[in-house]
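> Below is a structure I'd like to ask you about.
The values are calculated or read from the model by the stated rules, or taken from the named source; none is laboratory data. Since the structure is predicted, the reported quantities are computational estimates derived from the model, not experimental observations. In this analysis, Cβ positions are derived from the backbone assuming ideal geometry, glycine residues included, and neighbour counts consider all displayed protein chains. Calculation scope for accessible area: heavy atoms of the full protein, side chains included, ligands and nucleic acids excluded. Shrake-Rupley method; radii C 1.70, N 1.55, O 1.52, S 1.80 Å.
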Amino acid sequence: MSTHFPRGSRAPWTQFGPLLLLIALVAGPAAIAQTTTTKKSTAKPATTSSAPAAKPAAPKPPVQHPDAQTLDAIAAMVNDEPVLASDVEEQLFLFLQRAQAQPDSSQVDTLRRQVLDQLIDEKLVLAEAKKQNLSVSPAEVQKQVDSAISEAKQRYGGDDGFHEQLAKENTTEARLRERYKGDIEKQMLESMVVKKLFPKKTVSQADAEAYFQAHRDKFPKVPPQLHLQVIQIVPTADSLALKAGKARIDSVRKRIVVSGDKFAKIAADVSDDPGTAKSGGDLGFFRRGQMEPTIEDAAFGLGNGKVSQPIRTPYGWHLIETIERDTVRGPDGKDSLGTDGKAIQEVHARHILVKVTPNDDDVQRAQALAQSVREQAARGGDFAALVRKYSTYRGPSSADGDVGFLSLASLQPGIRAGLEPLKVGEVSQVLPNAQGFNIFKVLEKKPERDYELAEIKQELPDAVADAQFRDKYEAWLKTLRSKAQIEYRNL
């Protein structure tokens, strides 16, 4: 969950995942060799988040947490090194947790084999690092372990929440540190050997363009795009909970404005945002488009040192204190300009949160309303009128809910699966995401296509360098595999 409440962040009623998700899933060669994309996503934030409101069904057959697996089964042998089935299942489990994917049984089998192959490659790369007599600094490993533990504690709201999660996962901080240490050491060794054998080379613009023209098949295509309208219905707490939260935030504001207590001290004492409370509610600098619109409006509208009236977001009630203003500057120290040619403004602010969390009844009520609205739209109801009557979508859009073109590839899997088969003019089923329940209408569709040189010209030298690195790396891995004794066992 984002502690700074950006648009599209995880909704306040969702739960954090396992602590092991804070480190790389398969911290191996596949991650190291991953190339940078040649085109940045143009998706709007609120439709790309993960889905909280309806829990995803377990894959069939279900992928259980590795504690439930047979711990001593061997999935493969790499020379004399075993790859344990429990390791494969753990990495698969964590991948599905992070992706919030709902694969069928055949997809699970394919993913399981891909995970196994990555773990085999990891063994081969680590063996090569050993041959090269490479080693990592214990101090640097410890530094990264400490950082990972610190991040985990922050995510769980401090020591108490962190140790509560440890108990849920039936582990201890010492065991978690040892696990982090082993994974981080592997990552660092793999990175060292790859960088030593394949130092990144600079590619000139002319060479990059020639490579692109000759090897278009090595570059991704522009994903299909959909022009959409959206109705979003967000679960909200009942009136009694909202009233209690409002009374509490009013009391907090009185301590600051009337009694003269320091905003930062009160934030540290009472704010329900675990990520910012200890720093006095500090949200840092942000520009428009990075926070909840109501938070942005308050922060940019206040004078420095002033405290807002209570404001509501999907997270609850907030107070905002604006600290200072500045302009966004580039590496050359000059102001960055917006599309209007003016300097982009940013503001530094604090906040205090009194959290008001929707309960299960609130979520079910919102879902029922969304289903009713969807049925009206599907029967030919005026979608724009339904947007104006029901939608609480907070992202960039027109008054009739038009969010423009979105790339299918950038959408959260559940949203993408619900939109991909639709024809122009059709209305989606109710699709949940982190903000609430969404109904989409497809206005236009653009098919997948090749990038034009002009679209990626600036990014092309780095993209070509990555593609050439990947070719060399994959050829090297193929050679390592050909020299190794690899025996697959039944998973």
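> Hey, rough spin-label estimate for Lys221 and Glu151, points 7 angstrom out along Cα→Cβ, what's it come to in nanometres?
Between Lys221 and Glu151, the simple spin-label model gives 3.5 nm.
> How high is the FRET efficiency from Gln213 to Val257, r the C-beta distance, R0 51 Å, rounded to 0.05? Don't skip to the answer; put the middle values down first.
On the way: r = 65 Å, r/R0 = 1.27.
After rounding to 0.05, the efficiency reads 0.20.
> Per 5 Å bin from zero, what fraction in whole % of the C-alpha pairs of region 233-286 is there, up to the bin with the longest pair?
In whole percents, the pair-distance histogram is 4, 18, 19, 20, 19, 14, 4, 1.
> Which value, in Å², gives the accessible area per residue of region 208-264 when a 1.4 Å probe is used on the protein heavy atoms?
Here the residues of region 208-264 average 51 Å² of exposed surface.
> Kindly state, to the nearest 0.05, the FRET efficiency for Ser279 paired with Asp360, given R0 = 45 Å and r defined as their beta-carbon distance.
Calculated transfer efficiency: 0.90.
> Can you compute log10 of I(q)/I(0) for region 100-154 with the Debye formula, treating each Cα as one identical point scatterer, at q = 0.15, 0.27 Å⁻¹?
-0.78, -0.94
> Among 82-89, 132-139, 231-238, 306-313, how do they line up by average Cβ neighbours within 10 Å per residue, starting with the highest? Intermediate values should be presented prior to the final figure.
Numbers: 82-89: 20.6, 132-139: 11.2, 231-238: 22.5, 306-313: 16.2.
Result, highest mean Cβ count within 10 Å first: 231-238, 82-89, 306-313, 132-139.
> Sticking with this structure for a sec: Enumerate the amide H contacts of Arg329 below 5 Å, restricted to partners 5 or more residues apart or on another chain; note that Pro and chain-start residues carry no placed amide H.
Residues meeting the amide H criterion: Ser336.
> A follow-up question, please. Roughly speaking, to the nearest percent, how much of region 338-422's 1.4 Å accessible area is carbon and sulfur? All intermediate terms of the calculation are to be shown ahead of the outcome.
Details: 1960 of 4170 Å².
Using a 1.4 Å probe with all protein chains present, region 338-422 comes out at 47 percent carbon and sulfur.
> Okay, moving on. Of all the Cα-Cα pairs you can form in region 343-419, what percent are over 18 Å apart?
Cα-Cα pairs in region 343-419 separated by more than 18 Å: 66 percent.
> Place a point 7 Å from the Cα of Asn79 along the Cα-to-Cβ direction; which residues of region 107-140 have their backbone N under 15 Å from it?
Label zone hits: 120-134.
> If I take R0 = 25 Å and measure r between the Cβ atoms of Asp462 and Gln114 in this structure, what FRET efficiency does the formula 1/(1 + (r/R0)^6) give, to the nearest 0.05?
0.40
> Enter the per residue convex hull volume of region 261-330, computed from alpha-carbon coordinates, in Å³ rounded to the nearest integer.
Once divided by residue count, the hull of region 261-330 is 101 Å³.
> Regarding region 389-449, what is the average projected area of its C-alpha convex hull, in nm²?
Convex hull of Cα atoms, orientation-averaged projection: 4.5 nm².
> Could you compute how fast region 206-271 diffuses translationally, taking Rh as the Kirkwood radius over C-alpha pairs and applying Stokes-Einstein at 10 °C with viscosity 1.306 mPa s? Give it in µm² per second.
For these conditions, the coefficient is 88 µm²/s.
> Between rounded, prolate and oblate, where does region 282-409 land on the alpha carbon gyration tensor, with a ≥ b ≥ c its root eigenvalues, rounded for a/c under 1.5, else prolate if a/b exceeds b/c?
Values: a/c = 2.90, a/b = 1.53, b/c = 1.90.
It comes out oblate by the Cα gyration axes.
> Run the quick spin-label model on Asp160 and Lys478: label points 7 Å from Cα toward the beta carbon, then report their separation in nm to one decimal.
5.8
> What full-extension length gain, to one decimal in nm, is calculated for Glu169 and Ala343 as 0.36 nm per residue of separation minus the Cα-Cα distance?
Fully extending the segment from Glu169 to Ala343 adds 57.8 nm.
> Which shape class applies to region 91-250: rounded if a/c is under 1.5, otherwise prolate when a/b exceeds b/c and oblate if not, where a ≥ b ≥ c are the square roots of the Cα gyration tensor eigenvalues?
Since a/c reaches 1.5 but b/c is at least a/b, the shape of region 91-250 is classed as oblate.
> How many angstrom lie between the Cα centre of region 420-491 and the Cα centre of region 261-337?
First find each Cα centre; the distance between them is then 36 Å.
> Sticking with this structure for a sec: Compute the distance in nm between two label points, each set 7 Å from the Cα along the Cα-to-Cβ direction, one at Ser204 and one at Ala385.
6.5
> From the Cα gyration tensor of region 220-355, with a ≥ b ≥ c the square roots of its eigenvalues, which class applies: rounded if a/c is under 1.5, or else prolate if a/b is larger than b/c, or else oblate?
Working: a/c = 2.42, a/b = 1.30, b/c = 1.86.
Since a/c reaches 1.5 but b/c is at least a/b, the shape of region 220-355 is classed as oblate.
> Where the Cα atoms of region 387-491 are projected onto their three principal axes, how long is each span, largest first, in whole Å?
Dimensions of region 387-491 along the principal axes of its Cα atoms: 66, 46, 25 Å.
> What are the ³J(HN,Hα) values, in whole Hz, obtained from phi via the Karplus relation 6.51 cos²θ - 1.76 cosθ + 1.60 with θ = phi - 60°, for each residue of region 360-367 in sequence order, with x given for Gly and Pro?
Coupling constants for region 360-367: 4, 5, 5, 5, 5, 5, 5, 5 Hz.
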